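*Asks:* Sending over a structure as structure tokens; questions will come in a sec.
The values are calculated or read from the model by the stated rules, or taken from the named source; none is laboratory data. Since this is a predicted model, take the numbers as computed values, not measurements. Note that we place each Cβ from the backbone using ideal geometry, even for glycine, and neighbour counts take in every protein chain shown.
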Amino acid sequence: MARARSSTGRALADRGIGRSHVGLALVLTLLLVLGVRLVWVQGLDVGGRAESAAAERSRTETVPALRGEIRDADGNVLARTLQRYDVTVDQTLVREFQRPRADGTSETVTPTQAVYRLADALDLPDTEVKDALDGEEKFAYVARGVTPEQWNAVREIGLPYVYGQPTSDRIYPDGPLAGSVVGFMGGDQEALGGIEQSMDEVLSGTDGRRTYEISADGVRIPVAPTEETPVEDGSSVRLSLDSEVQFFAQEAVTARAQELDAEWGSAVVMRISDGAVLALADSSTVDPNDPGAAEAEDLAARSVTQAVEPGSTQKILTAAAAVEEGLVTPHTEITVPPFLEIDGEKITDAFDHGEQDRTFAGIIADSMNTGTVMVGSKLTPQQRHDWMARFGVGEATGIELPGESPGILAPADQWDPRQQYTVLFGQGVAQTPLRTATIFQAIGNGGVQVEPRIVDAVIGPDGTENAVERPEGERIVSEETAQQVLDMMEVTVTQGGAKEAAVEGYRVGGKTGTAEAPSAEGGYDGYTTSFVGVAPIEDPQYLVAVTMQRPEGDVRTIGTTATFSTIMGQVLRHYGVPPSTTEPVEIPLRTDVDEDDPETGEDAAAGAQEPAGDDDPAGQQPGADPAPAGAADRSASRPVDEDG
């Protein structure tokens, strides 16, 4: 019996040992499977689980670049950006959470504590912040336009349901001063107009990125690594524009345009030696701080975008071409008839006169269409075209502003019988006031034309300054020719029809212009008047070009000469130009009378009896139908020419 029990015990023991071996084998197998799986997941990670988990724990936010400033020639800020943030909340996620600390511990942050901390960081009433956090909205604003310092304080609180959206405020300290030049930004921070648009790539910079890890409940882990792509702030742009010159030029053209009830007025102020634009003034312009309040036509600088017929200011170009070609000098004597009939076309002047013996200087000084055509017609039509093209007519200047008009200069073989003569005194051709100014710049610069520029330098975020290379000058006429034309410009002011352009203490030269303004409905419905001049004439340093579009009233009384005088006087004094010490040049305007004799000289001054600075269009001959075509063929409908 005992032996039987012993045998049974051994059998049970053997069976138990067998089970243990099986259990051990199962455990080892399970551990092996887990080990392989662990290696597979953590080592090989063919399913990308590690990356997926890391991505789920990561948050990336944009660090916006700071837009560069726009400054004037003296460094005064015309546009700057203030970095701001909109603080938002997902109200559905507002709850108590555990906020990790840097020492490895954590703290509990209740919604009430979050309200207090947010209110302190944003300097807002507790009730206002509580109202913003309460609700069931996925998106709500807590505060808008907060400073970077305030947002950093909010971010340090680490609320998983509060977010910061980067934004910015672009401000313009001088408001509408040079508004159409500086430009403005749209609601989505898109650059619209002016330097803001043309230099947008330079001003914008490149946004950075910041990536950090969050815990399962959405709280940022303070000890986790942070990856950053550095932000590259935008560069600043310094203009040649002088805010003080811009201010008094803008004030002067605004006052004159309002006085004359003109559609608009503009003024260009330029440094002659290098074509630097010191002012582009408009009588009405945009305030970049509130662009929505501006009229569409006020959003761009009109001197750059508006092509108009230049009128008699173009006689300076004709004079330069004729002198350079050796056809005349200022003293050349020409017998001018009461009117001119040429190739079946009748050309008249703005004032009635009999046959007169004039010098070429006298023809220019009293702005006679007849004498100008007599001289200019010695050039072939192709020569006339080529000389205008040589001075840049029909091409944009390349100034760093959007929307520049190239003007209209039709090929010579497309001119009609009348247009081939009217282009000599600025009709049948269109150009911007800025392009007209460059013609005078070339004459004032000894015959060398430098295309105008308004961007002076680009300044990097680190302060490194890179001057913008200016175009090289191109010689258009000889220095001798330029001087002879300057002489004729001076007698236009001292002896001819532009006496109101004089500036006390300085020798000045220039030319008036008047042309018909085309109507949008076809034909013409007003005039474009202008005056362009340089000073001091013995050493030209500055140029001012004033234009008025559709001024009301008698064109004999709406000249721009006085406005030119006001602006030029301010410019010369502002830059400390010494008064002239030499006497003005004197050239007789007529040779058939003694201009110094009160009895014989009365008729000699007939052209100068007009109010100073005005070229008076004589008007259409009865029955003539104005052509509603462009400037390139407008003159075909003018049997009687206006002095433009």
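*Asks:* Could you tell me which of the residues Gly145, Gly135 is in a strand (DSSP E or B) and not charged (D, E, K, R)?
*Replies:* Gly145
*Asks:* Among (1) at pLDDT 70 or above; (2) in a helix (DSSP H, G or I), which single condition is Ile17 missing?
*Replies:* It fails just one condition, (1).
*Asks:* Given the conditions (1) touching a Lys or Arg at 6+ places or on another chain (Cβ under 7 Å); (2) buried (at least 17 other Cβ atoms within 10 Å of the Cβ); (3) without any contact (Cβ under 8 Å) to a residue 24 or more places away in the chain, which single one is not true for Val146?
*Replies:* Among (1) touching a Lys or Arg at 6+ places or on another chain (Cβ under 7 Å); (2) buried (at least 17 other Cβ atoms within 10 Å of the Cβ); (3) without any contact (Cβ under 8 Å) to a residue 24 or more places away in the chain, the lone unmet condition for Val146 is (3).
*Asks:* Is it the case that some residue within region 450-458 is touching a strand residue (DSSP E or B) at 6+ places or on another chain (Cβ under 9 Å) and crowded, with 24+ Cβ neighbours inside 10 Å?
*Replies:* Yes: region 450-458 contains one or more residues that are touching a strand residue (DSSP E or B) at 6+ places or on another chain (Cβ under 9 Å) and crowded, with 24+ Cβ neighbours inside 10 Å.
*Asks:* Being assigned to a loop (DSSP other than H, G, I, E, B) and under 38 Å from the mean Cα position of the chain (by Cα) narrows it down to one of Ser303, Ser273, so name that one.
*Replies:* Ser273
*Asks:* A follow-up question, please. Can you tell me which condition Asp525 does not meet? The list is (1) part of a strand (DSSP E or B); (2) more than 21 Å from Asp242 (Cα to Cα); (3) in contact (Cβ under 8 Å) with a residue 60 or more places away in the chain, and all the others hold.
*Replies:* Result: Asp525 passes all but (3).
*Asks:* Looking at region 415-511, what helices (runs of 4 or more DSSP H) fall wholly within it and have at least 2 residues that are among the hydrophobic types (A, V, I, L, M, F, W, C)?
*Replies:* 433-444, 479-494
*Asks:* Report yes if Val328 is at pLDDT 95 or above, outside any loop (DSSP other than H, G, I, E, B) and in contact with a helix residue (DSSP H, G or I) (Cβ under 6 Å, 6 or more places away or on another chain), otherwise no.
*Replies:* Here the answer is no, as Val328 does not meet what is asked.
*Asks:* Please work out which one of (1) in contact (Cβ under 8 Å) with a residue 40 or more places away in the chain; (2) crowded, with 18+ Cβ neighbours inside 10 Å; (3) hydrophobic (A, V, I, L, M, F, W, C) is the condition Phe139 fails and give its number.
*Replies:* Evaluating Phe139 over (1) in contact (Cβ under 8 Å) with a residue 40 or more places away in the chain; (2) crowded, with 18+ Cβ neighbours inside 10 Å; (3) hydrophobic (A, V, I, L, M, F, W, C) leaves (2) as the failure.
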